Amino acid sequence: MEKMNRRKFIRTGAAGLAGTVIGSGIVNMSFTLPSASTIVDRVKLGNSGLTVSRIAMGTGSIGSNKSSNQTRLGMEKFVKLAHHAYERGIRFYDMADGYGSQPFVGEAITSLPRENLTLLTKMWTHENGSDKILPVEKELDRYRKEAKTDYFDILLMHCMMQGDWHETRTYYMDAFSKAKQDGIVKAVGVSCHNIDALAEAAVNPWVDVILARLNPFGTNMDGTPEAVNEILGKALKNGKGVIAMKIFGEGKHVTEEERLRSIRFALTEGNIHCMTLGLESEAQMDDAIEKAMKIVKG
């Protein structure tokens, strides 16, 4: 297949690969152009009742204050990238209110069949009794309007950083459960940025889906790859749907060798069902898909 050199790769968007700016220290970066027949496959997401594409399009690289590297592409480029993802078999879009990505995904999916999509979003939470708490039902109404959807497939409490979240976030847990009962969401859970929070998620019966940081380097993770993988193994045994994030260590490991190693680790050694990748160009997306599907097919 045709090879692309490092300079051209960076021009197509490598500066934001998986959520960070690539420095000048990276060398020998190349990738293969896609085969038209390579399509992302689909997997069952634990006992959530959902079947999802093995790769999700992440929308929150360096995401905060209602923006991210993906939204900073601008609406036209974002929509084009989201449609390219769909054409390559990625039918799973990973959003959050904090990324400001819901309106972007909403615009992208207006021409796509909703029944073929998996939409995940996340809500920032506060401890019970905080004066910062807003009614979840009203927030979800806004989220749905922004994303132009009647329901979300997955709703997560965003960025759990303490092991006692199940005690300090009962207001949100009850409200998410009500939304699930009402058909506004299909599955609920947490994204974790702390190993104690992750350990609780693995065993808590309220949790349908876990979003966890995982890569072979231990970069920007909640513990060592071995420790995190052990907890995720328990989550799988308990029927949780497990989605991996930070596959490339939030963009710190993006040489050709590191990208391949990271994807292979996630797919062959990680106790996960699927992964979300914060890619910023069609070239990056095609490269990741080619690598992942080659590994899956053996």
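Points worth noting:
- The range 146-182 and the range 231-252: distance between their alpha carbon centers, rounded to Å: 18
- Solvent-accessible surface (1.4 angstrom probe) belonging to H273, in square angstrom, nearest 10: 40
- Stretching T51 away from E115 to a fully extended chain increases their span by 21.9 nm, per 0.36 nm per residue minus the current alpha-carbon distance.
- Solvent-accessible surface of the range 79-230, averaged per residue with a 1.4 angstrom probe and all protein chains in place: 40 square angstrom.
- Ligands, DNA and RNA left out, the 1.4 Å accessible surface of the chain is 49% carbon and sulfur atoms.
- Taking 0.36 nm per residue of separation and subtracting the current Cα-Cα distance, fully stretching the chain between R142 and E127 would add 3.2 nm.
- Ordering of 212-222, 111-121 by burial proxy (mean other Cβ atoms within 10 Å per residue, highest first): 212-222, 111-121
- Nearest-ten-degree value, helix 225-237 long axis tilted from longest Cα axis of the chain: 60
- Legend: calculated FRET efficiency, W206 to I39, from the Cβ-Cβ distance at R0 = 45 Å, rounded to 0.05, equals 0.85.
- Sites D150 and K66, calculated FRET efficiency, Cβ-Cβ separation with R0 30 Å, nearest 0.05: 0.85
- Inter-probe distance in nm under a simple model that places probes 7 Å from Cα toward Cβ, at H84 and T268: 2.8
- Cross-link pairs K44/K186; K234/K294; K44/K234 - those with Cα-Cα distance over 21 Å: K234/K294
- Most mobile listed residue (S37, S68, S101) in the chain, GNM with C-alpha springs under 10 Å: S37
The values are calculated or read from the model by the stated rules, or taken from the named source; none is laboratory data. Just so it is clear, the structure is predicted and the values come from calculations on it, not from any experiment. Methodologically, a virtual Cβ is constructed for each residue, glycine included, from the backbone with ideal geometry; neighbour enumeration extends over all protein chains shown. Protein only, heavy atoms only, side chains kept; ligands, DNA and RNA dropped before computing areas. Shrake-Rupley method; radii C 1.70, N 1.55, O 1.52, S 1.80 Å.
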